[in-house]
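Some notes on the structure that comes next.
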There are 2 protein chains.
Amino acid sequence: MTIKLYCFGESGNSYKAALALQLSGLDWEPVYVDFFNGETRTPEYRNAVNELGEAPVLVDGDFKLSQSGAIQAYISDKSGKFGGTTQAGKYEVLRWVLWDNHKLSSQAGMTRFLMNFLPEQHCNPDVIAFSQGRLKAAYQVLNDHLEGRDWIVGDGVTNADLSCCGYLYYPEPFGFDRAQWPHIDAWLMRLSEQPGWKHPYDLMPGNPSDRA
Amino acid sequence: MTIKLYCFGESGNSYKAALALQLSGLDWEPVYVDFFNGETRTPEYRNAVNELGEAPVLVDGDFKLSQSGAIQAYISDKSGKFGGTTQAGKYEVLRWVLWDNHKLSSQAGMTRFLMNFLPEQHCNPDVIAFSQGRLKAAYQVLNDHLEGRDWIVGDGVTNADLSCCGYLYYPEPFGFDRAQWPHIDAWLMRLSEQPGWKHPYDLMPGNPSDRA
């Protein structure tokens, strides 16, 4: 049975789940969610896919799951990959996935959305500056952690990497300048060289040029 | 061996871990972190406890772990409690813990900090209003989900409850008016009636009156 992932290209949270599926070798296919035309707010989506109107949502036969970090855990249980190779490693992976959800992707996704996908009059420059300040602290933490390491936890790719990279390959500006953070830059390059890796706009349907 | 939790009363993220320990029946004790006098920024704390300067941190013999959601997972593995009673339940618990980290506690903690623990001139009212708007959407999601249910996942207390409640018992104003959200209110009451439950300022050392 082919796993379906409800997702769209602009969503870094979708990308985290799509990239985990893609690199896991599991059989999967994306199902396009027309977020920018309000599909996640329709009763059809809320009834059939996700009652909170979230994306991504994984559907594997009768089983449905949202939240990228939970989907990644499901993919790890099913494929045996990316969940950490020791018990201590397993907690470290979860720790970084939570850190990402708390400090990095949540802020990056919101800031990128405000700066690129909302009409200008809805974007308060103080809110953007405040978020960018918090994000800078998060980039610093990640950059320092990656000094002298290939991957965030242990010796190979884990969900920690697949979570933290969620918004960092996108071209739209939100204050992340990859060249400023050499260890993040090298790690993103390393991850992009993994067999099967694709850029979010190549891995999932939908991108800003569709609306241009 | 008594588990140690580095924590402080004002920290809702610490409370999530402390409450899980408290209700699990495991042997534990709090170790006070003097956050407001900068202890987490000292080299001693960063070297001995946590390199990112985080709290809470759990120490169980030689094992150390940060991020409240990861600590909760460790407590569940060790005690057999709060992690979900079925495989599907396990993913649902993780899903709500991630949702909380992404949408609820991260915003609530930051907004409460800005409004109560920072000098007024550092608080931008637009930032606070923006955060409160996002939080309102999160309260709505949680309130709707709890309609007709005793607990967030399944038939008993899980880490989903122990995560989402993290900031909701505190007296300091941050825009959460419990009376406005009847299902959240009833659930917080229900949780507070569990044997062993304590309010954050009773469960952990440190509270704002120490600095008054």
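The values are calculated or read from the model by the stated rules, or taken from the named source; none is laboratory data. What you are looking at is a predicted structure, and each value in this text was computed from that prediction instead of being measured. Because the Cβ atoms are built from the backbone with ideal geometry, glycine has one as well, and the counts that use them run over all protein chains shown.
General observations
- When the criteria are applied in full, B:GLN67 meets the requirement of being polar (S, T, N, Q) and at the interface with another protein chain (Cβ under 8 Å from one of its Cβ atoms).
- Counted residues, the stretch B:184-197 - those being of a type in the set (D, E, K, R) and either touching a Leu at 6+ places or on another chain (Cβ under 8 Å) or assigned to a helix (DSSP H, G or I) (or both): 2
- A single entry from A:ASP60, A:ASP77 fulfils the requirement of being of a type outside the set (Lys, Arg), surrounded by fewer than 22 Cβ atoms within 10 Å (Cβ to Cβ) and in contact with a strand residue (DSSP E or B) (Cβ under 8 Å, 6 or more places away or on another chain): A:ASP60.
- Selection status of B:LEU191, among the hydrophobic types (A, V, I, L, M, F, W, C) and under 22 Å from B:ASN116 (Cα atoms): no
- Filtering the stretch B:116-134 to residues that are among the hydrophobic types (A, V, I, L, M, F, W, C) and within 13 Å of another protein chain (Cβ to nearest Cβ) leaves B:LEU118, B:CYS123, B:VAL127, B:ILE128, B:ALA129, B:PHE130.
- Residues in the stretch B:100-113 that are touching a residue at least 24 places away in the same chain (Cβ under 8 Å) and not charged (D, E, K, R) were compared, and the one that is nearest to the other protein chains (Cβ to nearest Cβ) is B:ASN101.
So that you can scan it fast, the table gives a plain yes or no per residue for (1) of a type in the set (A, V, I, L, M, F, W, C); (2) in a helix (DSSP H, G or I):
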{"site": "B:SER105", "(1), (2)": "no, yes"}
{"site": "B:ARG112", "(1), (2)": "no, yes"}
{"site": "B:MET115", "(1), (2)": "yes, yes"}
{"site": "B:ASP126", "(1), (2)": "no, yes"}
{"site": "B:GLY133", "(1), (2)": "no, yes"}
{"site": "B:ALA138", "(1), (2)": "yes, yes"}
{"site": "B:VAL141", "(1), (2)": "yes, yes"}
{"site": "B:GLY148", "(1), (2)": "no, no"}
{"site": "B:GLY154", "(1), (2)": "no, no"}
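- Scanning the stretch A:42-64 for residues that are within 12 Å of chain B (Cβ to nearest Cβ) and either without any contact (Cβ under 8 Å) to a residue 24 or more places away in the chain or hydrophobic (A, V, I, L, M, F, W, C) (or both) yields a count of 10.
- Cβ-Cβ under 6 Å pairs, at least 6 apart or on other chains, the stretch A:157-184 side free of Cβ contacts under 8 Å to residues at least 24 places away in the same chain, far side surrounded by fewer than 22 Cβ atoms within 10 Å (Cβ to Cβ) and among the aliphatic types (A, V, I, L, M): none
- Within the stretch B:123-168, considering residues that are of a type in the set (Ser, Thr, Tyr) and in contact with a helix residue (DSSP H, G or I) (Cβ under 6 Å, 6 or more places away or on another chain), the one modelled with the lowest pLDDT: B:SER131
- Only one of the numbered conditions (1) touching a Ser or Thr at 6+ places or on another chain (Cβ under 7 Å); (2) among the small types (Gly, Ala, Ser); (3) over 18 Å from B:ARG95 (Cβ atoms); (4) within 11 Å of another protein chain (Cβ to nearest Cβ) is violated by A:ALA137, and that is (1).
- Of the residues making up the stretch B:37-88, those that are under 22 Å from B:GLY25 (Cβ atoms) and either within 18 Å of the chain's Cα centre (by Cα) or aliphatic (A, V, I, L, M) (or both) number 17.
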